[in-house]
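Report on one structure; see the data block that follows.
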Amino acid sequence: MTGQLHEQPKHKHLRIVEVLGEPLIVERLLEIGFAPGEEIKVVGQMLWAGPLIIQVRGTTVALRQNEARCIQVLT
C-alpha cells in the first residue's frame, strides 16, 4: 500500500515509490537523495506542523510539508 510521506508516523522505515509534483520541487528532492527505491526514515517533525525531519542516505534532512506531499512511499 502506498501513501504520502507527510502522513507517516515517526520512527517508521519507508521506501520511496515515486516523486511527483512541481518540476522544481521534484528536481530538488531527487538531487538530495529522495529517489524511487531509496529507504528513508521519519525521525520527527518540528512544532506547529512544521518541517518533517527525515533520514535519507545517512543524512538528516528537513522537508517542508509541500515537499513531503510530493513523495509517495510504501507503507
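Nothing in this text is a laboratory measurement; each read-out follows from the coordinates by a stated rule. Note that the structure is predicted; figures quoted are calculated from it, not measured. Glycine gets a Cβ as well: all are built from the backbone with ideal geometry, and neighbour counts include every protein chain shown.
Taking Cα centre as origin and charging only the Cβ of basic (Lys, Arg, +1) and acidic (Asp, Glu, -1) residues, the dipole magnitude of segment 2-74 rounds to 300 debye. Loop-resident trypsin sites (Lys or Arg not before Pro) (DSSP state other than H, G, I, E or B) in segment 6-50 with no more than 15 further Cβ atoms inside 10 Å of their Cβ: LYS10, LYS12.
Think of segment 2-74 as a dipole: +1 on every Lys or Arg Cβ, -1 on every Asp or Glu Cβ, centred on the Cα centre; then among VAL61, PRO9, LEU20, PRO9 lies furthest on the positive end. Note that segment 40-45 has calculated 3J(HN,Hα) couplings of 10, 9, 7, 8, x, 9 Hz, one per residue in order, obtained from phi through the Karplus relation 6.51 cos²θ - 1.76 cosθ + 1.60 (θ = phi - 60°); glycine and proline are x.
Full extension of the segment from ILE53 to HIS13, taken as 0.36 nm per residue of separation minus the current Cα-Cα distance, would add 13.1 nm.
Note that segment 17-33 has calculated 3J(HN,Hα) couplings of 9, 7, 10, 10, x, 4, x, 5, 5, 4, 4, 4, 4, 5, 5, 8, x Hz, one per residue in order, obtained from phi through the Karplus relation 6.51 cos²θ - 1.76 cosθ + 1.60 (θ = phi - 60°); glycine and proline are x. Put a dot 7 Å past the Cα of ARG28, heading toward its Cβ, do the same for ARG64, and the two dots end up 0.5 nm apart. Entry note, the chain: the mean residue ellipticity at 222 nm calculated from DSSP H runs of n ≥ 4, each adding -39500 (n - 2.57), is -4000 deg cm²/dmol after division by the residues and rounding to the nearest 500.
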